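Input: a single structure, listed below in structure tokens.
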Amino acid sequence: MQILSISLKNIKCHRDKELHFVNGINVLSGVNGAGKSTIFEAIGYALFGVDARDFVGNVERFITIGAKKGDIAVIFTTDDGETYRVSRSVGAGSKWLLAREIGGTFDIEDHAGAPETEARIKELLGLDSGRSLADQYKLVIGPFQNEFLGPFVIKQPTKRQEAFDEILGIDAWRKTYKGTSTLLASVKSKIEVLTVEIEGKQEQVAALPERKKELTGFVAEAAAQQKELTGKEKTLTETERQLSILDGQEKTANTVKSDIQVLENRIRDGAGKINDQEKRVKEAEQALETLEKTRAGKEAFEAAEANIKLLREEEKQRREIEKDINALDKESARLAQTLDHEMREVEKTDKQLTEEESKLKQDQKALAADDSLHKTAAHLTELKKEAEKLRLGKGLLEGRRAGLQEGKEKLAEGICPFFKEQCQNISGKAPRDVFSTRVDELDKERLALDKQLNCLSEEIAVADKAQHELDSIKVRAQELQKQLNALSKRRDENNNRKRAIEGTKNQQEEAEKKAVARKEDLKKYSNLDTEIAKIEKLRTEHQVARDTFFAKQKDAKDLNNRRESLKKMIKLFEELEQALVAKQKELLKLEKDYDSKRHAEVRLVKEHLVAEVATIKQKINDLGKDRLRLEEEIKKMNRIKKEIKARLAEKKSFEGKEELVNFLRNKIFNNVSAQLSERFREEISLRADIIYRNIAETDEELYWGDKYQIVLRDMQDGELRERTDDQLSGGQTMSAVVALRLALLQTIGARVAFFDEPTSNLDAARRSNLAHAFRAIDVGREEVTEHWYDQLFLISHDVAFTEVTDQIISLEYQGERP
């Protein structure tokens, strides 16, 4: 297996970096901050699936400052010669993709997710153990720089053992041993619970024989009570039959007595009603007499009522006429007032319009402009053209003067003013002044033009003022004409108002005529109030007779009905008296046949029998409940017996499980972890010792002791000396750790490894030896160890590696976040 290249985009300080690697030893060098460790981190992230947060606290710090997303791609070959590219992005929507090279292009494999991608890479790298790729990288293949010594220097033996058991993948046995302690406790607890439960249930079923005997007694007693109940119920039935006959007789007698009482009450009430009805008949007869007496007064009242109704209609018509007259008078007065007001307003407006028109015409005459003003304004355009011509001439003069002045200055310097180069004609001679006279002439001409321009400016100002005055007069004349037009329009409106006054005058005269006509109509109602008072007096005189008539009319009309009702009442009263005599005779006969004393005795006998029957039934019911209770208890006890049998079987099963768990924990789990640890330590110690001897060039033996403690053995004064932990120097510890890590890599079968500053704490000799040890491993020197890896990646500033490396990659400082 070989990593061919890596490309990084926006990863820490590497904005766009691509590196290619060779088989064997690849050394990354460069100043601090150049991003050497970032290359190892990027390989761990993309190829081994390490979480970016294991390198930096926040994923965003793994991305270059200013970027939102980073990308890493690693190309590698497998042992069978196939080429693959694994890519993984950093940031939102991160993806982990594996692609296989086919015909020069990479074809992405279809994986369901990251777990499937990881499993495929593990297969290709030959690292398909039970541990994740990320853990294998962090623990053995490429430990972080600050964790290189890591578990080797842990002081607590137990924690150091746990760390290396995890690295070697044998911690599962120890964890299983510890984990099964909970299982064993759970099994023991279950056995104890079952024992207590069985004992409790056995106590419950101890009373089963006694409950069965008690049930038999309850059944016999219930049968005796049932027999006695049958005899009592037979006697009760006969007694109830006799009592039913006596109850019937008593009920019939009571019914007759009740009927007699009802008849007596009805007869008593009937006598009172007949008396009241006779009074009502007499009242109706008196009312009929009163009707005859008051009929004439009632008819006179009704006649007066009819007349007053007609008079009220005439009164209503009179009020309508008065209302019309009042409205017409108001309308006539309003129109007269409006007519007077309009006439005054029209005259006033006519006078005002005449005055305004006269004033406006006077203003028009006053606006007439002077002829000299017109003549002065007429020359304005010519004057402006003349002034513009003079300004143009002045500009030409100034241009000519500036040219002459420049020629004078150039000539003074000996330079030809035309060809702009040194003039040979005047070289070495004093230049003649041929420009001053011409400049003075041009200045005189310019002064003359200035005077002419000043005169023209004054004339233009006068003409411009005259033109402004003419424009002002024109605007004022237009405004006066507008006012005259508006005045004419107002005069037309006032004339229309004059014509409208005639219509108002006609309306006022028409209203006066209508008022006079309605007043004539009102005269025929002059005696209406007198006639109304007369009829009102007549109606009042007959009011009492009329009220009395209507008050008695209902009673008089009801006379025949009242007489007929009285006859019916008398007939019914006689029938009730006859029925009362018949009921009294019937009661005498019933009282002879009914014996109340015998009735009371039979009722008392029945009550005693009912009580005795109820008592026996209650006893039978209670016995039945006790029987059901005992039967239920017996059933429950039988179920408990079955449960006891099941619990005993379950207890026996758990006791077997307890025996099995004890066996597995004590004979297997507890021993396997220690045995595997010892085997691994022996194998790794052998390989590490050879590497250490080459690095240190000493006769010391490196041994990985109990609890994974680094031990150095040598002979001193003929005796074996062992040194560990604080007894070792920094260089000895670092050399031992490098040797052990190399041996570990070979043991787990890793074909690639990463070392970040492995020569820290080593002196020059040891650094050189370490470099040659790496090369010896690469070429397969027998005295070091067999050739087991394809590539080694190192970060180092040490020149010792320049002699043994296959490729040195120098990284320059990027100036970005490391």
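For every helix of n ≥ 4 consecutive DSSP H residues, a contribution of -39,500 (n - 2.57) applies; sum these over the chain, divide by its total residues, and give [θ] at 222 nm rounded to the nearest 500 deg cm²/dmol.
Computed ellipticity for the chain at 222 nm equals -25000 deg cm²/dmol.
Please name whichever of L449, F435, A500 sits farthest to the positive end of the charge dipole of segment 429-508, dipole taken about the Cα centre and charges placed at Cβ: Lys and Arg +1, Asp and Glu -1.
A500
Using a cut-off of 16 Å between alpha-carbon atoms, which aspartates and glutamates can reach K213, once sequence neighbours fewer than 8 places away in the same chain are excluded?
Reachable aspartates and glutamates: E221, D626, E631, E632, E633.
Would you tally the net charge around H379, using a Cβ to Cβ cut-off of less than 11 Å, leaving H379 out, and scoring K and R as +1, D and E as -1?
-1
Amide H neighbours of G30 under 5 Å, at least 5 residues apart or on other chains, H built in the peptide plane: list them.
When sequence neighbours closer than 5 places are left aside, the close amide H contacts are L811.
Going by amide H atoms built from the backbone, whose H comes under 5 Å of the H on V50, apart from near neighbours?
Sorted by chain and number, the residues that satisfy this are Y45.
Going Cα to Cα from K351, which lysines come in below 24 Å? Please leave out same-chain ones fewer than 8 positions away.
Within the straight-line cut-off, K351 pairs with K359, K361, K365, K482, K489, K498, K505.
Quick one: check the C-alpha center-to-center distance for segment 497-571 versus segment 215-274, whole angstrom.
80
If packing is taken as the average number of other Cβ atoms within 10 Å across a peptide's residues, how do 518-526, 737-745 rank, most packed first?
My ranking of the peptides, most packed first, is 737-745, 518-526.
Report, ordered by chain and residue number, the lysines lying within cross-link reach of K293, taken as a straight Cα distance under 18 Å and ignoring same-chain residues fewer than 8 apart.
K282, K552, K554, K557
Excluding S89 itself, what net charge comes from residues whose Cβ is under 12 Å from its Cβ, given Lys and Arg +1 and Asp and Glu -1?
Neighbour charge sum, excluding S89 itself: +4.
Please identify the DSSP H helices in the chain that span no less than 18 Å along the helix axis (Cα) and have a mean Kyte-Doolittle hydropathy of 0.5 or more.
730-748
Please tell me the relative contact order of the chain in percent, rounded to the nearest whole number, where contacts are Cα pairs under 8 Å and at least six residues apart.
Across the chain, relative contact order equals 27 percent.
Report ³J(HN,Hα) in whole Hz for each residue of segment 7-12, in order, from the Karplus equation J = 6.51 cos²θ - 1.76 cosθ + 1.60 where θ = phi - 60°; Gly and Pro get x.
Residue by residue, segment 7-12 yields 10, 10, 10, 6, 10, 6 Hz.
Could you list which residues have their amide H under 5 Å from that of K12, counting only those 5 or more apart in sequence or on another chain, with H placed in the peptide plane?
Result for K12 returns I63, T64.
State log₁₀ I(q)/I(0) for segment 23-137 at q = 0.09, 0.17, 0.21, 0.23 Å⁻¹ as given by the Debye formula over alpha-carbon point scatterers of equal weight, solvent excluded.
Normalising to I(0) and taking log10 leaves -0.26, -0.94, -1.32, -1.45.
Name the residue from A303, L288, N275 whose Cα lies farthest towards the positive end of the charge dipole of segment 264-313, charges +1 on Cβ of Lys and Arg and -1 on Cβ of Asp and Glu.
N275
Heavy atoms only, probe 1.4 Å: what % of the accessible area of the chain goes to carbon and sulfur, would you let me know?
The nonpolar share, carbon plus sulfur, comes to 50 percent.
For segment 443-495, how big is the tail of P(r) above 14 Å, as a whole percent of Cα pairs?
Distances greater than 14 Å cover 72 percent of the Cα pairs.
So which GluC sites (Glu not before Pro) in segment 36-121 end up in coil per DSSP with only 12 or fewer other C-beta atoms within 10 Å?
Qualifying residues, ordered by number: E82.
Here are a few candidate values for Kirkwood radius over Cα pairs in Å: [x] 27.9; [y] 37.8; [z] 49.0. Which one was actually calculated from the structure I just gave you?
Checking each listed value against the structure points to [z].
Provide the per residue accessible area, probe 1.4 Å, for the chain, rounded to a whole number of square angstrom.
60
Considering only DSSP beta bridges with both partners in the chain, what is the antiparallel share in %, to the nearest 5?
Expressed as a percentage, antiparallel bridges in the chain total about 75.
With a sphere of radius 15 Å drawn around the Cβ of E123, what net charge do the other residues whose Cβ falls strictly inside it have (Lys, Arg +1; Asp, Glu -1)?
Once positives and negatives cancel, what remains is -2.
The values are calculated or read from the model by the stated rules, or taken from the named source; none is laboratory data. Please read these numbers as outputs of a predicted model, since none were measured by experiment. Every residue, glycine among them, receives a Cβ derived from its backbone with ideal geometry; neighbour counts consider all protein chains shown. Side chains included, ligands, DNA and RNA excluded: accessible areas come from the protein's heavy atoms. Shrake-Rupley method; radii C 1.70, N 1.55, O 1.52, S 1.80 Å.
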